[in-house]
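Visitor: Below you will find the structure I want to go over with you.
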Amino acid sequence: MLMLRRVVLAAIVIALIVVVRLFPDQNDSRVDIDLLLTTIEGASLWLVLVVTFVGGALLAGLLSSLLLIKAGLLRRRYRKAIADLEAEVHHLRNLPLATGDTVDLGSDVGAVQPASPQEG
């Protein structure tokens, strides 16, 4: 399996070398680029294609990294909220159970009154 991986990797590298060598030869014509405020005359077609491809890849990478950063910050906020909620559950589990009269839980609702037995 390792030998097959190496052969496939070598084939990919050789194909990339061939493409990089043949691409400028196949696209050696000159083009004029009309931008909004300026015009570039006589630029090599292969160079224009490479520059636009690399620029698009960089822009896509930048936008993707911004989305990843946003998702990481959101994940951090959620983990902190989960930790706070788990600490609250742990605190509530360690409260004493009601065994008699009243139990003050420190809330605004008031004390919990035990149920009185019905008299017959």
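Visitor: Do we have GLY42 as loosely packed, with under 10 Cβ neighbours inside 10 Å and either more than 30 Å from the chain's Cα centre (by Cα) or without any contact (Cβ under 8 Å) to a residue 12 or more places away in the chain (or both) here?
Guide: yes
Visitor: Follow-up question, since we're still on this one. Restricting to region 52-101, and then to whatever is assigned to a helix (DSSP H, G or I) and over 27 Å from the mean Cα position of the chain (by Cα), can you tell me which residue is nearest to ASP25 (Cα to Cα)?
Guide: The selected residue is ALA87.
Visitor: Here is a further query. So, in region 29-39, exactly how many residues are part of a loop (DSSP other than H, G, I, E, B) and surrounded by 10 or more Cβ atoms within 10 Å (Cβ to Cβ)?
Guide: Here is the first cut: in region 29-39, the ones part of a loop (DSSP other than H, G, I, E, B) are 29, 35-38.
Within this subset, residues satisfying the condition of being surrounded by 10 or more Cβ atoms within 10 Å (Cβ to Cβ) are none.
Number of matching residues: 0.
Visitor: Something else about it: List, please: which pairs have Cβ atoms under 9 Å, are six or more places apart or on different chains, and start with a residue in region 5-28 that is surrounded by 10 or more Cβ atoms within 10 Å (Cβ to Cβ) and end with one that is at pLDDT below 95 and not in a helix (DSSP H, G or I)?
Guide: Here the result reads PRO24/SER44; ASN27/SER44; ASP28/SER44, each pair linking region 5-28 to a residue that is at pLDDT below 95 and not in a helix (DSSP H, G or I).
The values are calculated or read from the model by the stated rules, or taken from the named source; none is laboratory data. Worth saying up front: this structure is predicted, and the values here are computed from it rather than measured. All Cβ positions, glycine included, derive from the backbone under ideal geometry; neighbour counts span all protein chains shown.
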